[in-house]
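Q: Dumping the structure here so I can ask a few things about it.
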Amino acid sequence: MLTEPKLTSTRRSLLPWLALVTVWVVWGSTYLGIQMAVDTIPPLLMAGFRYLIAGVVMYAIVAPRHASGANRPTKLHVRSALVVAALMLVGGNGLLSVGETTVDSGLAALIVATVPVWMVLINAAVTKTRVTLTMALALLLGTVGVGVLVGGPGADVDTGGAILVLIGSLCWAAGSVYARSASLPPHPLVVASLEMVIGGVLLVALAGVKGEFGELELANVSTESIVGFLWLVVAGSMLAFTAYGYANATLPNDTMATYAYVNPVVAVALGTLLGEEELSPNLLLGGAVIVSAVVLIVGGKAITRRIKGRGAPPGDSPGASAAEAPNAEAASDPATESSVSKGSSR
């Protein structure tokens with residue numbers, strides 16, 4: 001019979017894994033959630049209010065302990081968060097939301113899964129470091145994978161929507177690279193909530209410029225869209241960010257990095273089972289090629305660390321951070337050491 005201390009120890013060891021599984025499932029589900037929401041809600045308006053509501057609630061919860069007095073965000077913190085939010089939430093998630101008005105959620109998730117590849121290449125360009133054979137191979141695989149998804153034999157894909165999602169992924173990657181060296185608040189949830197508030201304001205303003213307020217017909221908003229929107233606010237933005245921060249503080253880097261290739265698999269499965277999306281040969285082949293590219297990038301770093309004898313200690317950024325995945329949340333994806341991992345998006 002287990003004693004109370006042993007039971008407590010067992011619970012503590014299981015909680016980080018439960019948090020990681022939550023990240024896998026919830027961030028993987030946000031692609032279908034976005035598609036449900038934008039079915040009858042204008043995309044930029046939906047994304048803006050999603051982040052604005054989630055950010056305000058999260059900031060109100062964490063600010064009293066982690067963003068007051070000496071820990072209050074400075075003007076420099078706010079300026080840095082503005083840049084990150086503009087790139088990742090407006091450029092990344094905004095374009096993803098617009099793209100998903102014409103592109104299946106599973107296909108969008110697989111395109112977004114290329115974020116770690118673009119991050120490594122953008123970082124190499126910024127730091128003027130040599131592009132390794134692994135990086136070049138990952139770029140080739142990522143490019144081929146996207147090509148198979150969008151333009152393979154028999155592909156029935158809206159090219160314009162897919163291009164928007166791809167551009168959004170590049171924006172997300174650029175924002176993630178910038179966030180690595182940006183001056184941001186020390187607490188991850190303060191960073192996440194601050195960026196969401198700023199990103200939400202920018203997205204709502206952009207929706208106004210685009211005329212989406214006039215396009216919104218409240219009487220025609222479906223129950224499905226409301227459910228998708230609420231899921232994105234509560235689970236996708238608040239629950240998953242919190243779960244990511246908890247798991248990232250406890251589990252090894254290599255373990256945390258698994259969500260970079262688990263999330264798109266979850267997204268495709270949910271899109272097929274719940275969204276009635278077609279599981280085409282192009283989707284399977286292109287997805288496999290893209291996930292292989294992600295494994296090369298994320299897994300290659302882990303192997304290099306082991307060879308050098310410095311396995312990733314708990315709490316390190318996973319190679320993809322919460323604020324990195326346009327689904328994200330941040331982390332969807334898949335990329336890493338972004339603002340949230342620094343402080344602690346997908």
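Q: If I model the range 75-139 as equal point scatterers sitting on the Cα atoms and use the Debye formula, what is log10 I(q)/I(0) at q = 0.13, 0.19, 0.28 Å⁻¹?
A: Debye output, listed in q order: -0.52, -0.89, -1.09.
Q: Provide the convex hull volume over Cα atoms per residue for the range 1-120, in Å³. Present the calculation step by step, with values, prior to reporting the outcome.
A: Details: hull volume 22.8 nm³, N = 120.
Convex hull of Cα atoms, per residue: 190 Å³.
Q: Taking the Cα atoms of the range 166-209, what is the range of coordinates along each of the three principal axes, in descending order and whole Å?
A: 34, 23, 13
Q: Mind checking the full-extension length gain between residue 218 and residue 125? Use 0.36 nm per residue of separation minus the Cα-Cα distance, one decimal, nm. Present the calculation step by step, with values, prior to reporting the outcome.
A: Numbers: separation 93, 0.36 × 93 = 33.48 nm, distance 4.60 nm.
In short, 28.9 nm is gained.
Just so you know, all these numbers are worked out from the coordinates, no wet-lab data involved. Here the structure is a predicted model, which means the values were calculated and not measured.
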